[in-house]
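Have a look at the structure below before the remarks.
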Amino acid sequence: MTGPESEESPVRRAVCPGSFDPITNGHLDIIARASRLYDEVYVAVMINKSKKGLFEIEERIDLIRTVTAEYGNVRVEAFHGLLVDFCKQRDIPAIVKGLRAVSDFDYELQMAQMNNGLSGVETLFVPTNPTYSFLSSSLVKAVAAWGGDFAHLVPPEVLTALTERLRED
Ligand code: PNS
């Protein structure tokens, strides 16, 4: 419902979902921009039991909380299930996603249409900062594993955590 009789929450909320294994500067750029557009931004760390990550869910959450603390309106939570259920339970009408390139668009469009069809939640696409258009958690891990320089691709806390994790393995 829209207009003066709307029952929508006056608090404008959005969610930035992902695996965040680990968070990169590309993710952080999107979260920071969403935090300027919305009153409250949830970062949903979606649990995928069939995919073992390099970092445990709690470790990913701790890193995201640390690097988003300065924004003041970002909440970080794990969730196992459909993203639309996460949104419904928290009264979140919008999903914010970064688009790095046209190649992202096919799958992102499918998910956006599915999510809208399931529950009416909207997806807002934000063009990624071109500095990060090639960036993904998987590529960062690959570069790090082979001793490449990735300091400019992740926040300093992630640089430390990833370096230590790879030393342990
Ligand atoms: O960082 P990723 O792995 O690219 O994020 C993908 C993610 C977690 C956002 C997406 O897989 C997702 O929304 N998963 C939650 C389960 C769900 O709602 N699936 C239906 C999507 S149409």
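The values are calculated or read from the model by the stated rules, or taken from the named source; none is laboratory data. The shown structure was predicted, so the numbers you read here are calculated from the model rather than taken from an experiment. Note that we place each Cβ from the backbone using ideal geometry, even for glycine, and neighbour counts take in every protein chain shown.
Of all residues in the stretch 76-94, none that is polar (S, T, N, Q) has its Cβ atom under 6 Å from the Cβ atom of a residue that is assigned to a helix (DSSP H, G or I) and modelled with pLDDT of 95 or more, 6 or more apart or on another chain.
I'd like to know if the stretch 25-48 contains one or more residues that are closer than 30 Å to ARG167 by Cβ, within 16 Å of the ligand (Cβ to nearest atom), surrounded by fewer than 16 Cβ atoms within 10 Å (Cβ to Cβ) and over 15 Å from the mean Cα position of the chain (by Cα). Looking through the stretch 25-48, none of the residues is closer than 30 Å to ARG167 by Cβ, within 16 Å of the ligand (Cβ to nearest atom), surrounded by fewer than 16 Cβ atoms within 10 Å (Cβ to Cβ) and over 15 Å from the mean Cα position of the chain (by Cα). Looking only at the stretch 40-59, residues that are under 15 Å from LEU28 (Cα atoms) and small (Gly, Ala, Ser) come to 1 in all. Applying a threshold of 6 Å to beta carbon distances and a minimum spacing of six or more residues, or different chains, the list of pairs starting in the stretch 35-58 at a residue that is more than 15 Å from VAL76 (Cα to Cα) and of a type outside the set (Ser, Thr, Tyr) and ending at one that is within 15 Å of the ligand (Cβ to nearest atom) and not in a helix (DSSP H, G or I) reads GLY53/ASP21; LEU54/ASP21; PHE55/ASP21; PHE55/PRO22.
Before we move on, is ILE61 in contact (Cβ under 8 Å) with a residue 40 or more places away in the chain and farther than 21 Å from ASN129 by Cβ? Judged against the criteria, ILE61 is not a match. Counting only residues that are within 14 Å of the chain's Cα centre (by Cα) and more than 13 Å from the ligand (Cβ to nearest atom), the stretch 80-111 holds 1 of them. Taking the stretch 100-169 and the helices (runs of 4 or more DSSP H) fully enclosed by it, the elements with 2 or more residues that are charged (D, E, K, R), surrounded by 15 or more Cβ atoms within 10 Å (Cβ to Cβ) and touching a residue at least 24 places away in the same chain (Cβ under 8 Å) are at 156-168.
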